[in-house]
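Below is one structure, written out as structure tokens; comments come after it.
The values are calculated or read from the model by the stated rules, or taken from the named source; none is laboratory data. Just so it is clear, the model here is predicted, and its values are computed rather than measured. Cβ placement follows ideal geometry from the backbone for every residue including glycine, while neighbour counts extend to all protein chains displayed. When the accessible area is computed, the model is the full protein with side chains, heavy atoms only, and any ligands, DNA or RNA have been set aside. Shrake-Rupley method; radii C 1.70, N 1.55, O 1.52, S 1.80 Å.
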Amino acid sequence: MFGRERIEYKTTEQILVMRRAGLVVAQIHAAVRESARPGVTTGNLDGVAAQVIADHGATSSFLGYHGYPATICVSVNDEIVHGIPGDRVLEPGDVVSVDCGAIVDGWHGDAAFTTVLPEADPADVELSDVTERTMWAGIAALATAERLGAVGEAVEDVVDASGHEYGIVQEYVGHGIGSAMHQPPEVLNYRTREKGPRIKPGLCVAVEPMLTRGSRMTQVLEDDWTVVTADGSRAAHWEHTVAIGPQGIWVLTAADGGAQALAALGVTVVPLD
Ligand code: MF3
Ligand code: CO
């Protein structure tokens, strides 16, 4: 639920540092996406991410977070989020969700994408595509709505319009982000009776819907991290870190600020400088 803790509203200068962190995350995504193919281990992908972070003089938001042992999360098939990279060898048709965060000068960026390895099951590709669309719809709602609850409404609307009976995960949600990776407010991916806090300049949040091809119920594995679907169905996860600047919205973890994806939804992004 929406907490009542204080929200850290950012100055434009702080958002500009967050954009640097976000652009490191975008580069990690590009490098990991390039490397993800059958035969590669999830640990290999972690190494690729660690190298990009080191190359930029950044640090990982995840490594050491509550004892988390890796640079990124790699969640495969029925794993939804928080999969720990290791010896697992990726196979043809795997649904691979990659989540990573970077810190630059104390400020965080956090983003995730899902890719389906060849030979992909079209139903898995559809799941990932719909999940990505829910994320962009949630981000567009941030640009146009008054209150944060609009994000969850937008996510639900896209799932409903897709015609699929996908599960929308509820135990894990988006979040405020800035001088820490996880801050208030929570960003829910479903409708509630609460409208949530006002969306206003300085608000920076990670929007991160997770959908499954089956039930929305989740379980945590013995490693105390990996979150899987209770029914074994496959899951997808997309995430961006988004800033509400003085004049409008900018997606900090997208190289183009989200310009292209949001234009398709009638939203014009506003550069921060
Ligand atoms: N990035 C995840 C999120 O989107 C959090 C990962 S927690 C970690 O909120 F410990 F695995 F890093
Ligand atoms: Co996040």
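Quick one: count up the residues across the range 204-227 that are buried (at least 22 other Cβ atoms within 10 Å of the Cβ) and not acidic (D, E).
Residues meeting the conditions: 10.
Looking at (1) outside any loop (DSSP other than H, G, I, E, B); (2) in contact with a Pro (Cβ under 7 Å, 6 or more places away or on another chain); (3) under 22 Å from A21 (Cβ atoms); (4) not small (G, A, S), find the lone condition where T134 falls short.
Condition (3) is where T134 drops out.
If V89 meets every condition in (1) within 30 Å of G214 (Cα to Cα); (2) β-branched (V, I, T); (3) surrounded by 17 or more Cβ atoms within 10 Å (Cβ to Cβ) apart from one, which number is that one?
(3)
From (1) open to solvent by less than 80 Å² (accessible area, probe 1.4 Å); (2) of a type outside the set (V, I, T); (3) away from ligand 2 (no atom under 16 Å from the Cβ); (4) within 20 Å of H108 (Cα to Cα), pick out the condition that doesn't hold for P197.
The failed condition is (4).
Can you go through T131, T144 and tell me which one is buried (at least 21 other Cβ atoms within 10 Å of the Cβ) and not small (G, A, S)?
After applying the criteria, what remains is T131.
Do we find a residue being in contact with a Lys or Arg (Cβ under 7 Å, 6 or more places away or on another chain), crowded, with 23+ Cβ neighbours inside 10 Å and in contact (Cβ under 8 Å) with a residue 24 or more places away in the chain anywhere in the range 36-53?
Looking through the range 36-53, at least one residue is in contact with a Lys or Arg (Cβ under 7 Å, 6 or more places away or on another chain), crowded, with 23+ Cβ neighbours inside 10 Å and in contact (Cβ under 8 Å) with a residue 24 or more places away in the chain.
Give me the pairs, please: first residue somewhere in the range 11-34 and free of Cβ contacts under 8 Å to residues at least 60 places away in the same chain, second residue anywhere and not in a helix (DSSP H, G or I), beta-carbon distance under 8 Å, and either six or more positions apart or on two chains.
Q27/H56
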